[in-house]
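Reading through the structure tokens given below for one structure.
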Amino acid sequence: MENLKSKPISKMKKHFLRIILLSGLLLVFNQGNSTELKQRIKDIQIAGNQYFDAKAIYSCMMLKPNGYYSDQLLERSTEAILKLYEENGFPFCQIDLEDFNHSLNPADSTNWLSFKLRITEGPRVRIRKIEFDGNKATKEKILRRILDIDSSAYFSQRELESGLSALRRAY
């Protein structure tokens, strides 16, 4: 790179302008390449699942083998799996991404991805008891009826939110 201290300011501005334009061209070039090198999913493995079979888990996912990968689809897929477990009594379920591998097919410039989703289901949780704290005006029996959650049922986030919403509407 040239020594810029010996250049007049007008020439320095021109030189910086070239660097900025060159950077812009590189950025555009790199963006062009990233769209050409699409990431396709070769394989998604599911591990650790015991309560649901792999078919049930795959059916709620947005990512599919031979489909295109994006971070947003991965996030939405893991959220859908967590929701599936959460609605069936597993509020402590966790999902970890493992064995994330990629390979490039030079023939068509396709970047193939393979990865494993490790599911840790956690314990299946039953509701043991529902308590209302701070209630003075309404009988607990009425609140339980409005909440409409069986105190021996498995935990379901959807049913809990629905019951809380019904309580808010009633009071």
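Report, by residue number, each residue of the range 112-143 that is open to solvent by 90 Å² or more (accessible area, probe 1.4 Å) and part of a helix (DSSP H, G or I).
Correct list: LYS141 only.
Can you tell which of GLN50, GLN72, GLN45 is open to solvent by 70 Å² or more (accessible area, probe 1.4 Å) and in a loop (DSSP other than H, G, I, E, B)?
It is GLN50.
Can you tell me which residues in the range 106-115 are farther than 18 Å from GLU79 by Cβ and either at pLDDT 75 or above or β-branched (Val, Ile, Thr) (or both)?
Across the range 106-115, the qualifying residues are THR110, ASN111, TRP112, LEU113, SER114.
Where residues in the range 150-163 are over 26 Å from the mean Cα position of the chain (by Cα) and either assigned to a helix (DSSP H, G or I) or not hydroxyl-bearing (Ser, Thr, Tyr) (or both), which of them is surrounded by the most Cβ atoms within 10 Å (Cβ to Cβ)?
GLY163
Would you confirm whether any residue within the range 20-39 is at pLDDT 85 or above and farther than 30 Å from ASP150 by Cβ?
yes
Residues that are open to solvent by 40 Å² or more (accessible area, probe 1.4 Å), among the small types (Gly, Ala, Ser), touching a strand residue (DSSP E or B) at 6+ places or on another chain (Cβ under 8 Å) and farther than 18 Å from TYR51 by Cβ: does the range 100-107 have at least one?
Scanning the range 100-107 turns up at least one residue that is open to solvent by 40 Å² or more (accessible area, probe 1.4 Å), among the small types (Gly, Ala, Ser), touching a strand residue (DSSP E or B) at 6+ places or on another chain (Cβ under 8 Å) and farther than 18 Å from TYR51 by Cβ.
Note down all Cβ pairs under 8 Å where the first residue falls in the range 124-150 and is touching a residue at least 40 places away in the same chain (Cβ under 8 Å), the second is surrounded by 13 or more Cβ atoms within 10 Å (Cβ to Cβ), and they're at least six residues apart or on different chains.
Hits for this filter: ARG124/TYR51; ARG124/ASN88; ARG124/GLY89; ARG124/PHE90; ARG124/TYR154.
I'd like the full set of residues that are assigned to a strand (DSSP E or B) and farther than 12 Å from ASP43 by Cα, limited to the range 95-111.
If the condition is that a residue be assigned to a strand (DSSP E or B) and farther than 12 Å from ASP43 by Cα, then ILE95, ASP96, LEU97, GLU98, LEU104, ASN105, THR110, ASN111 are the ones that fit.
The values are calculated or read from the model by the stated rules, or taken from the named source; none is laboratory data. Worth saying up front: this structure is predicted, and the values here are computed from it rather than measured. No Cβ is skipped: glycine too gets one built from the backbone with ideal geometry, and neighbour counts run over all protein chains shown. All accessible areas refer to the heavy atoms of the entire protein, side chains included, with ligands and DNA or RNA removed. Shrake-Rupley method; radii C 1.70, N 1.55, O 1.52, S 1.80 Å.
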